[in-house]
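Okay, so here's the structure we're looking at.
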Amino acid sequence: MNILVINSGSSSIKYLLLDMRTEAVLCSGAVERIGEEMGNLSHKIAPGTMGESQVSLSEPIANHEKGMHLVIALITDPERGVVKSKDEITAIGHRIVQGGDLFTASCLVDDEVVAGLEKLVPLAPVHNPGHLAGIRVARELFPGTPQVTVFDTVFHQTMPPRAFMYALPYELYDELKLRRYGFHGTSHCYVTKEAAKFLGKPVDDVNLITVHLGNGSSMCAVQGGKSVDTSMGLTPLEGLIMGTRCGDTDLAIYPLLEAAKGLNITEINDLTNKKSGFKGICGMNDLRDIHKAVAEGNARARLALDMFGYRNRKYIGSYMAVLGRVDAIVFTAGIGENDPVSRELSCRGLSALGVELDHERNQSGERGARDIGAKSSKVRVLVIPTNEELEIARQTAEVLRAR
Ligand code: AMP
């Protein structure tokens, strides 16, 4: 069974083809700058293996249809293709950012699902139109192939109302569905299952705090394998401090910015999403650059790092209060998997709550799933590499099996 995972954005299509017998990646790539004067396509065959090779091309790519045609031609190329024809693609899994509360599970795409996604565009104006374009084209080009939507929000649909409601006038929830949805659900779901395996417990027995720290960051309180709270909200802006997003702030800053700086709401949205977080504090959004700057004595970079660690710690503490019993804190994604300093800052001072790091294991350059907690730590501290594409492919296969 080969599954093609597609992440279609407004001007890009990222893809990955997996052989589900072994879960090996056959090829992966990205079509970028769709609709611009010049488009790009980069295609990797057997990435991460000895046989890895790459094809790149630059040409105008007018729309998603043209982009998908190019991808299919590369995947089925008579000489370098990883499959002989598109019939060898058993199913397609589509990554969808916002499923609102219309979608509580991954599901087979039909006209009703497409209509649901269209209805959700006001909640995800940046993402859902791009996803819809990808689904439309994939359904045209693969008419007989089952297609499945896998949502970033679905894992968090188990949150109780006390966690997902905002204390705004209730009518706004009724009318506009304003509530916390949470994101990175596919990642939180994947590391939850992997952490349960690592701990040797059934997934519905584990209580975890999953900490996805990347350019976008979020945390999730997992009780009995299910999300009961998460830091991102109606959009991915809320919660932790991120590369360019501010996370939690006082909403009263907005009218003040309007009055003092003459910014309109679109400009404020841009400022909080694209010019804040690490970038807003110290001018850099990549943590590796921030570490270099800290080493050179840059006080703003030091402050950004301190603020990041402090906010993470506050969330971990509050999720410990939410969960009562915590089996493990699980770090994942670019920063969570690779940066011992961030993990140390996020766990600092939590020993009274039973969280103690083994500093040597935290620092070691080991890869893969590992325990970095001290032997005496009551709460295990794990690093589990995330794999959202594999999770999408697994969920796609599960939906096919359940048909
Ligand atoms: P992601 O969005 O998951 O790809 O993560 C991107 C973030 O991970 C960026 O801030 C990178 O600086 C950070 N990152 C990636 N590799 C490392 C590393 N080896 N050490 C520290 N930070 C890293």
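The values are calculated or read from the model by the stated rules, or taken from the named source; none is laboratory data. Quick caveat, the model's predicted, so the values are computed rather than measured. No Cβ is skipped: glycine too gets one built from the backbone with ideal geometry, and neighbour counts run over all protein chains shown. Areas reflect the complete protein model, heavy atoms only, side chains present, ligands, DNA and RNA absent. Shrake-Rupley method; radii C 1.70, N 1.55, O 1.52, S 1.80 Å.
Of T266, T210, the residue with the largest accessible area leads and the full order is T266, T210 (1.4 Å probe). Distances between placed amide hydrogens fall under 5 Å for D229 paired with A221, all partners being 5 or more residues away or on another chain.
Among the protein heavy atoms of the chain, carbon and sulfur supply 53% of the accessible surface, probe 1.4 Å, non-protein parts ignored.
Given a 1.4 Å probe and the protein chains as shown, C107 ends up with an accessible area of around 30 Å². The simple spin-label model puts a point 7 Å past each Cα toward its Cβ; for M38 and S10 those points are separated by 2.3 nm.
First check a/c for region 120-244, with a ≥ b ≥ c the square roots of the eigenvalues of its C-alpha gyration tensor; if it is under 1.5, answer rounded, and if not, answer prolate when a/b is larger than b/c or oblate otherwise. Display every interim value, and only then the final one.
On the way: a/c = 1.77, a/b = 1.14, b/c = 1.55.
Because a/c hits 1.5 or more and a/b fails to exceed b/c, region 120-244 counts as oblate.
In the context of the full protein assembly, L102 retains an accessible surface of approximately 80 Å², using a probe radius of 1.4 Å and ignoring ligands and nucleic acids. Solvent-accessible area of S318, all protein chains in place: 50 Å² (probe radius 1.4 Å, heavy atoms, ligands and nucleic acids excluded). When only alpha carbons are used to place a centre, region 78-111 and region 280-306 end up 40 Å from one another. Mark the label point 7 Å from the Cα of M1 along Cα→Cβ and return the residues of region 72-87 whose backbone N is within less than 18 Å of it. Within reach of a label on M1: 87.
Per residue, the average separation of C-alpha pairs within less than 8 Å and at least 6 apart gives the chain a relative contact order of 13 percent.
The loop-placed GluC sites (Glu not before Pro) in region 250-301, going by DSSP, that have at most 11 neighbouring Cβ atoms within 10 Å of their Cβ come out as E296.
Computed over all pairs of different Cα atoms, the Kirkwood value for the hydrodynamic radius of region 26-66 is 10.8 Å. A straight Cα-to-Cα reach below 20 Å connects K119 with the lysines K177, residues fewer than 8 places away in its own chain not being considered. Protein-only accessible surface at a 1.4 angstrom probe places the residues L199, L382 in the order L199, L382, largest first.
Given the Cα-Cα distance of T49 and D87 and 0.36 nm per residue of separation, how much length would full extension add, in nm? The partial results should precede the final answer.
Working: separation 38, 0.36 × 38 = 13.68 nm, distance 2.48 nm.
Extra length available between T49 and D87 comes to 11.2 nm.
Accessible surface calculations at 1.4 Å, restricted to protein heavy atoms, place the chain at 46 Å² per residue.
Quick one: which of K14/K86; K14/K84; K14/K274; K292/K378; K14/K66; K14/K314 span more than 25 angstrom between C-alpha atoms? Present the calculation step by step, with values, prior to reporting the outcome.
Values: K14/K86 17 Å; K14/K84 21 Å; K14/K274 22 Å; K292/K378 34 Å; K14/K66 14 Å; K14/K314 35 Å.
Over 25 Å apart, Cα to Cα: K292/K378; K14/K314.
Which shape class applies to region 93-187: rounded if a/c is under 1.5, otherwise prolate when a/b exceeds b/c and oblate if not, where a ≥ b ≥ c are the square roots of the Cα gyration tensor eigenvalues? Cα axes put region 93-187 in the prolate bin. Annotation: amide H-H contacts under 5 Å for L263 (H modelled 1.01 Å from N, sequence separation of 5 or more, or interchain): E258.
Amide H to amide H, with H built 1.01 Å from N, V206 comes under 5 Å of G224, G225, counting only residues 5 or more places away or on other chains.
Give a quick list of GluC sites (Glu not before Pro) in region 300-403 that DSSP marks as loop, anything other than H, G, I, E or B, with at most 16 other Cβ atoms within 10 Å.
On the way: sites: E337, E344, E356, E360, E366, E388, E389, E391, E398; in loops: E356, E366.
Of the GluC sites (Glu not before Pro), the ones in loops of region 300-403 whose Cβ has at most 16 other Cβ atoms within 10 Å are E366.
A crude spin-label estimate for the pair Q363 and A295, with each label 7 Å from Cα along the Cβ direction, gives 1.4 nm.
What number comes out for the charge environment of G243, summing +1 per Lys or Arg and -1 per Asp or Glu over other residues with Cβ under 14 Å away?
Values: positive: R245, K274, K275, K279, R288, R311; negative: D286, D289, D339.
Surrounding charge for G243 is +3.
Listed values for region 366-380 are Karplus-derived 3J(HN,Hα) couplings in whole Hz (6.51 cos²θ - 1.76 cosθ + 1.60, θ = phi - 60°), namely 3, 10, x, 5, 7, 9, 10, x, 5, 3, 7, 5, 6, 9, 5, and x replaces Gly and Pro.
Are there any trypsin sites (Lys or Arg not before Pro) in region 61-162 that are in a DSSP loop and have at most 13 other Cβ atoms within 10 Å? List them by number. Walk me through the numbers on the way to the answer.
On the way: sites: K66, R80, K84, K86, R95, K119, R136, R139, R162; in loops: R80, K84.
Answer in residue order: R80, K84.
A simple rule links phi to the HN-Hα coupling: the Karplus curve 6.51 cos²θ - 1.76 cosθ + 1.60 with θ = phi - 60°, which for region 391-397 gives 4, 4, 5, 5, 5, 4, 4 Hz, with x for Gly and Pro. Here the Karplus curve 6.51 cos²θ - 1.76 cosθ + 1.60, taken at θ = phi - 60°, turns the phi angles of region 82-93 into couplings of 8, 9, 7, 8, 5, 5, 7, 8, 6, 7, 10, x Hz, with x standing for Gly and Pro.
The residues neighbouring Y166, those whose beta-carbon lies less than 9 Å from its own, together hold a net charge of +2 under the Lys/Arg +1, Asp/Glu -1 convention. Taking a ≥ b ≥ c as the square roots of the eigenvalues of the alpha-carbon gyration tensor, region 217-294 is classed oblate because a/c is 1.5 or more while a/b is no larger than b/c.
Determine the sum of side-chain charges near E36: Lys and Arg each +1, Asp and Glu each -1, restricted to other residues whose C-beta is under 14 angstrom from that of E36. Intermediate results must be reported in sequence, preceding the final value.
Details: positive: R33, K66; negative: E32, E37, E59.
For residues surrounding E36, the net value is -1.
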